[in-house]
1. Looking at region 7-75, what strands (runs of 3 or more DSSP E) fall wholly within it and have at least 3 residues that are closer than 19 Å to residue 104 by Cβ and β-branched (Val, Ile, Thr)?
2. Residue pairs, Cβ under 8 Å, 6 or more apart or interchain, first in region 12-37 and at positive phi, second surrounded by 12 or more Cβ atoms within 10 Å (Cβ to Cβ). List them.
3. Being closer than 12 Å to residue 107 by Cβ and not in a strand (DSSP E or B): is that true of residue 93 here?
4. Closer than 20 Å to residue 92 by Cβ, at pLDDT 95 or above and touching a Lys or Arg at 6+ places or on another chain (Cβ under 7 Å): which single residue out of 11, 19 fits that description?
5. Among the candidates 68, 76, which residue alone is aliphatic (A, V, I, L, M), over 25 Å from residue 6 (Cα atoms) and either surrounded by fewer than 19 Cβ atoms within 10 Å (Cβ to Cβ) or at pLDDT 95 or above (or both)?
6. If I filter region 78-87 for residues that are part of a loop (DSSP other than H, G, I, E, B) and in contact (Cβ under 8 Å) with a residue 12 or more places away in the chain, do I get at least one hit?
Amino acid sequence: MVRIDSSEYGYIIIDGKKYPHDVYILPSGKVEEREHSHTFSKEQVEHVLKEKPDVVIIGKGTSGMASLSDDAKELLEKSKVEVIKDWTPKIRERFNESAKKKRVTAIIHTTC
């Protein structure tokens, strides 16, 4: 099981490894670089939904400024998965607890 250790402006630490960029965390435990953007796109949501998660966690940045595009919101609503959106520093506990019991994926913005 993958764990988020901490995050600060510009990076996140996952299982002891520092990622100095935005990331996807997939239910398989794989961590991938996400193209830096202040908007989560439909294509990014499609990417994480491919692994059939129970929960999608959106880390909106250190001050919560990043947002979902309208078509990304619509896709998540249609998918019927649980969605948790919060400032990136606040998602750590929810991600770690959810990942103990469910298939969890995350799209995480590490700045703003």
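The values are calculated or read from the model by the stated rules, or taken from the named source; none is laboratory data. Just so we're clear, the structure is a prediction, and the values are computed from it rather than from any experiment. Glycine gets a Cβ as well: all are built from the backbone with ideal geometry, and neighbour counts include every protein chain shown.
1. Per the criteria, 11-14, 55-60.
2. Within 8 Å, the pairs are 15/2; 15/3; 15/5; 16/5; 29/2.
3. No; evaluated as a whole, the condition is false for this residue.
4. Just one listed residue meets the conditions, 11.
5. 76
6. Yes, the conditions are met somewhere in region 78-87.
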